[in-house]
Structures are given as C-alpha cells and as structure tokens.
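Peer 1: Got a structure here, written out as structure tokens. Questions coming.
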Amino acid sequence: MFAKRRFSDLTEREILALAIAAEEEDGRIYASYADALRSSFPDTAAVYEEMAAEENEHRRRLIATFTERFGETIPLIRRQDVRGFVTRRPYWMARSLGIETVRRQVETMEAESRRFYQRAAERTRDAGIRKLLGDLAEAESGHEALAAQLGKQHLGTDAAKAENETARRLFVLQVVQPGLAGLMDGSVSTLAPLFAAAFATHDTWQTFLVGLAASIGAGISMGFAEALSDDGSLTGRGSPWIRGVVCGLMTTIGGLGHALPYLIPHFGIATAVAFIVVAIELAVISWIRYKYMDTPFLSAAFQVVVGGALVFAAGILIGSA
C-alpha cells in the first residue's frame, strides 16, 4: 500500500490539483444525489442540481488559475492520497438512509470543503492563488445560505410538506411494514410452541430452548420470505435485503420477548412474567398499527388481541393435553 502524502508537504501546484479533483468529486456527488432523489423528491433534486453547477464553476476557476500558473498538465491527486484529508461517504449509503441523511451529508460536505480551502489558503504564498482559495472558502461557507435560498426557491411550504409526506410513506414502506410483519409473526406465531412446551414439560430451561429455536427459525424464514417477495423496483419498497434483515430481526425479537422470562428457574414466576410480556408486545403492535398504518387503535388492538389469544389458547391446550 502506497504511503499517503501529508497535507503540509504539498506544493501550491499540488494543492490546486487536489482542489480541482475535490470539486469535481463533490459536483458529481451532488448530481448523483439529484438523480437519485428526482423521482421521489423533485424539489430537493433541483436544489442539488444547482449546487452541482456551483461546484463545477469552482472547478472551472481552479483549472483556469492552475493552467495560468503551472501549465496544462494537472497531476492526479485525490482525497485518498492525502493523509487526514476529508473523505466522502459513498452516495448510495446516504441514499439508502433517507432524505434527511442526504441533507445532513451535504451540510457536512460544505463545512469540510470550507475548512480545506481555509487551510490551503494559509499554505500558499502566491497572492493570486491565496485570493482564489480564500474566495472559495467564503463560497463554501455561503453554501448553507445558498441551500436555504434554493430551498425557498424550490422548496416552498407546499413542496416541503409534500416531500416530508413522501419521506414518511417511504419509511413506512421500507421499514415499518416489514418490521411490523416480523414483530407480529414473532410475537404471535411463537406463542403456541412456547406455551405448549411450557405446560407440557413445566421445565423452564427446555421451554426457553423451544422459544429460542422457534424465534430464530421464524426470523430466518420471515427474513428470506420478505427479501424474496419483492425487489422494490415497481413498488418503491426499497432494498429487498434491507427489508429482509428488518423483518427477520423483528421476528426474532418478537419471539424472544416472551421466551426470555423462562430463564427464570421458577415455572410459575416465569410464566406470569411471560404473560405480562405478551400483553406488552400486543399493545406495542397495536400502537404501531395505529401510528403508521392508519388503523384505529381500538380496532387494531381488537384484531391483534383476538389473534394472539387464539394462538395462545391453542398452545396451552396442546401443552396440557
């Protein structure tokens, strides 16, 4: 692996080359954000398109200054070539985490670029280069104001509300729905084998092992089922594997909730605690359905409790037979 250069060892020629590469990368990142967000968040995409154009103008000014001072050949120096230099998160990572993550990433990019230009200006002796770098530092510090100005231009009150509602819908589709499906399956479907084992054996450790196996097995099954059910290309439900992981984890958690009390050696106490945990789980599921699925709370509670009670009773009857 090659040794990275220290920023303090860079010449003025290399600093300008590094700035050119950094501006080109930032412009492409903004353009990528705009392209990725255009279908769901067109107004925010317009903001990042204009910011990409701003970065391209910075790069043009830097190239003009470089060629005037040092000629046509610009050495290839990138962020990763300089020790301690600012790095950029791959655009698909910020994209997968939602619109707010993208906005925070852009704010971070602007602050990092401003610090770079300030340090670069301090390292140069050429008055023209120092002035250019100082102007770019000021421009980067003003990018937040630019974003706010563009936000007023493109993101009026109605547009902002619409984008926030779109973000909420995507969160429900990509996270809440698969998580809720997993939590319901883990909390309800594992009741029968767990309490059947409990009332058949009256052995807390064996009951815990049955609950653990049922929870993990259900989590793996539900995770793969969710991931393979829909690739998200038409429904907008996002990455199938992210949905699968969310669904699988919530299924496992839902089952483990009422299995863990059987780590208590006393059967009666463990069963009483498990009953309480089941009631809490069903209440949480009802609240999530009320909060995110627009289901009246009493209706959601009735549906969940009836289903849970039937499975719960089946487990007790089978275990007591």
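Peer 1: Output the residue which, of all residues in region 1-31 that are assigned to a helix (DSSP H, G or I) and small (Gly, Ala, Ser), is farthest from the chain's Cα centre (by Cα).
Peer 2: SER8
Peer 1: Still on this structure, please answer the following. Quick test for you: out of ILE316, ILE288, ILE280, pick the one residue that is of a type in the set (Val, Ile, Thr), within 15 Å of VAL210 (Cβ to Cβ) and modelled with pLDDT under 90.
Peer 2: ILE316
Peer 1: Of all residues being charged (D, E, K, R), in contact (Cβ under 8 Å) with a residue 40 or more places away in the chain and farther than 21 Å from GLU112 by Cβ in region 13-52, which is surrounded by the fewest Cβ atoms within 10 Å (Cβ to Cβ)? Just the residue, please.
Peer 2: That would be ARG13.
Peer 1: In addition: Does LEU249 satisfy the condition of being buried (at least 18 other Cβ atoms within 10 Å of the Cβ) and in a helix (DSSP H, G or I)?
Peer 2: For LEU249, the condition - buried (at least 18 other Cβ atoms within 10 Å of the Cβ) and in a helix (DSSP H, G or I) - is met.
Peer 1: Could you list, in sequence order, the residues of region 183-206 that are of a type outside the set (A, V, I, L, M, F, W, C), more than 20 Å from VAL306 (Cβ to Cβ) and part of a helix (DSSP H, G or I)?
Peer 2: Within region 183-206, THR201, THR204, GLN206 meet the criteria.
Peer 1: Quick one: which of THR87, THR101 is surrounded by fewer than 18 Cβ atoms within 10 Å (Cβ to Cβ), at pLDDT below 85 and not in a helix (DSSP H, G or I)?
Peer 2: THR87
Peer 1: Okay, next question. Which of the residues spanning region 57-80 are β-branched (Val, Ile, Thr) and either exposed (fewer than 12 other Cβ atoms within 10 Å of the Cβ) or under 19 Å from ASP126 (Cα atoms) (or both)?
Peer 2: ILE63, THR65, THR67, THR73, ILE74
Peer 1: Checking the conditions here, which among LEU173, LEU191, LEU183 is at pLDDT 65 or above, within 30 Å of LEU282 (Cβ to Cβ) and surrounded by fewer than 21 Cβ atoms within 10 Å (Cβ to Cβ)?
Peer 2: Residue meeting the stated conditions: LEU173.
Peer 1: Please tell me if ILE288 is among the β-branched types (Val, Ile, Thr) and either under 23 Å from the mean Cα position of the chain (by Cα) or within 18 Å of ALA313 (Cβ to Cβ) (or both).
Peer 2: Judged against the criteria, ILE288 is a match.
Peer 1: Might you let me know whether region 301-310 holds any residue that is modelled with pLDDT under 85, within 31 Å of the chain's Cα centre (by Cα) and among the small types (Gly, Ala, Ser)?
Peer 2: yes
Peer 1: Same structure again: Hey, can you tell me all the residues within region 194-215 that are surrounded by 24 or more Cβ atoms within 10 Å (Cβ to Cβ), closer than 14 Å to ILE269 by Cα and not hydrophobic (A, V, I, L, M, F, W, C)?
Peer 2: Selection gives THR207 alone.
The values are calculated or read from the model by the stated rules, or taken from the named source; none is laboratory data. Note that the structure is predicted; figures quoted are calculated from it, not measured. Glycine also receives a Cβ, built like all others from the backbone with ideal geometry; neighbour counts cover every protein chain displayed.
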